[in-house]
1. Residue under question is Asp502, and the condition is that it be over 30 Å from Ala87 (Cβ atoms) and surrounded by fewer than 17 Cβ atoms within 10 Å (Cβ to Cβ); does it hold?
2. Restricting to segment 287-312, what's the tally of residues that are in contact (Cβ under 8 Å) with a residue 12 or more places away in the chain and more than 25 Å from Lys494 (Cα to Cα)?
3. Residues being within 14 Å of the chain's Cα centre (by Cα) and of a type outside the set (Gly, Ala, Ser): count how many of those fall in segment 73-95.
4. Need pairs with beta-carbon distance below 8 Å; first residue in contact (Cβ under 8 Å) with a residue 24 or more places away in the chain and within segment 142-166, second of a type in the set (Phe, Trp, Tyr) and surrounded by 14 or more Cβ atoms within 10 Å (Cβ to Cβ); sequence gap 6+ or separate chains.
5. Can you work out which of the residues in segment 510-522 that are touching a residue at least 12 places away in the same chain (Cβ under 8 Å) and surrounded by fewer than 16 Cβ atoms within 10 Å (Cβ to Cβ) is farthest from Ile415 (Cα to Cα)?
6. Would you tally the residues in segment 356-387 being surrounded by fewer than 20 Cβ atoms within 10 Å (Cβ to Cβ) and either in the same structural domain as Pro176 (by TED's automatic domain parsing) or of a type in the set (D, E, K, R) (or both)?
7. Scan (1) touching a His at 6+ places or on another chain (Cβ under 6 Å); (2) more than 23 Å from Cys303 (Cβ to Cβ) for the single condition Val458 breaks and write down its number.
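The values are calculated or read from the model by the stated rules, or taken from the named source; none is laboratory data. Here the structure is a predicted model, which means the values were calculated and not measured. Cβ placement follows ideal geometry from the backbone for every residue including glycine, while neighbour counts extend to all protein chains displayed. Side chains are part of the model used for accessible areas, which takes the heavy atoms of the whole protein and leaves out ligands, DNA and RNA. Shrake-Rupley method; radii C 1.70, N 1.55, O 1.52, S 1.80 Å.
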Amino acid sequence: MPFGYHGCYLRIDVSQGSVVGDPAGGRVKQQLVPLADTVLRQFIGGSGLGVRLLLDEGCAHLDALDPRAPLIFAFSPLVGSPLTTTAKFAVVSKSPLTDRINDSLASSGFAIAGKSCGCDAIVIVGRAPELSVLIVDDGEVRVESAADCAGMTCQATDTQLRARLGTNFRIATIGPAGELGVRYATVSHDGRHAGRGGSGAVMGAKNIKAIAVRGTKRPEWAHPRELIAISKDLSRRSFGPATAKYRELGTATNMLTFNRFGALPTRNFQSGTFEEAAHLSPEEMSTTRSKTRDSCVTCTIGCEHIYGVGNDTVRVEYESLFALGSLCGVGDADVVLRASQRCDELGLDTISTGGTIAFAMECVERGWLDAPWLTFGSGGALLRAIDEIGSRRGLGHLLADGSRAAAHAIGQNSIAIAPQIKGLEMPGYEPRALQTMALGLAVGARGADHNRSGAYEVDFSDKVDRRHATLDSVRHAIDTEDRAALMDSLIVCKFLRGVFEDFHGETAAMLRSVTGWEVTADELRETAVRIVAAKREFNLLAGWTPDEDTLPERFFDSPLPNDARAHLSRERLDALVVEYRRQRGW
């Protein structure tokens, strides 16, 4: 077994056992399953390892909410090391929103505590007989009733269970949205979220309100001195200019930049500029309300910017500001911050929440949906819609399944304006203005995804014409996708991407110092390709067809109103997709 690993994963069937309310808990069926060295080297950890285990479970044909469908928490060999930004874990499953692969990442102490339980991943199957908390205590597994946490917010659940179990447990929870099967519910930990694709609904379908972990089993490193030297150097460089914008203003700094480029999705992608964008910018918000900075565990960057909202606080990210702000036509910063905070409490992905509400707003505007209160620009309507989604009441019954399902229910060919790809709502990048990113979104394994394709970086460089993608753009899109697959498997934060001078060479050295493998940069390039192919393999088994790799019709109909050069034809995108598959060898 290589250094940095335990060489096994913990498989738990929560339906095989009992749940009791006393502190002793009920025992469930558990098994430590060996992991071959070859599997670990080929897939590393995080998303890569999680996808491999998902394939091994043979579950691609199952409904995502079937009790037999696994929910996987996958760690990496770098977790627990002194390398900056590596306290991360991947949550991998079939998505109930897309029926395709889903891998979401979250940061902080759960990753370290989970790996310290003596395993490289936790695989959960079955359905507990009642709402429960799954407890993994240094490798020993039990379940306790979580009836007293039913309907609680993510934070309230964490507080309640820490008081019961002890503050040295690290806890991942779902909110009311996950309990009720909202198909874009999150798994939350310490205010951070494995957000996209509905992993919280999968956890809710297993009747698991929370997973609590603690442990003492930490693997050794192969070359500690080398690892510490690499860690110190990487930490020093992480304070440099490549990460300055994240430290100073956070990802919200993208708001004005994207608006200036005509790439800020507005009113359900009807425009690329928002007249009230300045009100949602960190430059303006920081002058009118309190703000603090924070970091994930083991992170030296400190990208988290936490703003005051009423008597509480909320972490502010560009994607939440865009989805709940410009996309819904809402420019009142107080409303948008409260909307983001409410999504955090309920356990809702802010991108899918905002995208689905914006879609419904346009359907109302067109006379296709009878909900006259739901209009663009109405902060009260936005907040009401979020509460109805989180409780599956009123219009929430329709919107809780996402914009694709809502479009099929509404009819009127409304699928043409539903802001989704493969069922996953689109992030804050206007594809007509960022056409390499349009390709990345179209071919993404989990759907419309800015975290699995960094093609927008290419669009903002001098490598391509962002308004007119050519076949030469394809290799750049593939490179960003492969790099993301590797970062999500190692796992390191993508905000480090500008820090590395030789990404593959440096990450090979990091992995070598932890595991002892004589891994090379070329081997890691091959590993990335293998992981991307494994995601495609799962999707093929789940029923993927080639016509899924496209954009909604809206984006082919006309150029952006404010930028006539930003026009994307179906023929051009189809040619890019064909070239993408050719270069992939698919």
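1. Against the criterion (over 30 Å from Ala87 (Cβ atoms) and surrounded by fewer than 17 Cβ atoms within 10 Å (Cβ to Cβ)), Asp502 does not qualify.
2. Here the count works out to 7.
3. Number satisfying all stated conditions: 6.
4. Leu161/Phe169
5. Taking the candidates together, the pick is Gly516.
6. Residues flagged as surrounded by fewer than 20 Cβ atoms within 10 Å (Cβ to Cβ) and either in the same structural domain as Pro176 (by TED's automatic domain parsing) or of a type in the set (D, E, K, R) (or both) within segment 356-387 amount to 5.
7. Checking Val458 against (1) touching a His at 6+ places or on another chain (Cβ under 6 Å); (2) more than 23 Å from Cys303 (Cβ to Cβ), the one that fails is (2).
Yes or no, residue by residue, for (1) farther than 21 Å from Leu54 by Cα; (2) at pLDDT 95 or above; (3) in contact with a Lys or Arg (Cβ under 8 Å, 6 or more places away or on another chain):
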| site | (1), (2), (3) |
| --- | --- |
| Ala64 | no, yes, yes |
| Pro77 | no, yes, no |
| Thr84 | yes, no, no |
| Val92 | no, yes, no |
| Ile101 | no, yes, yes |
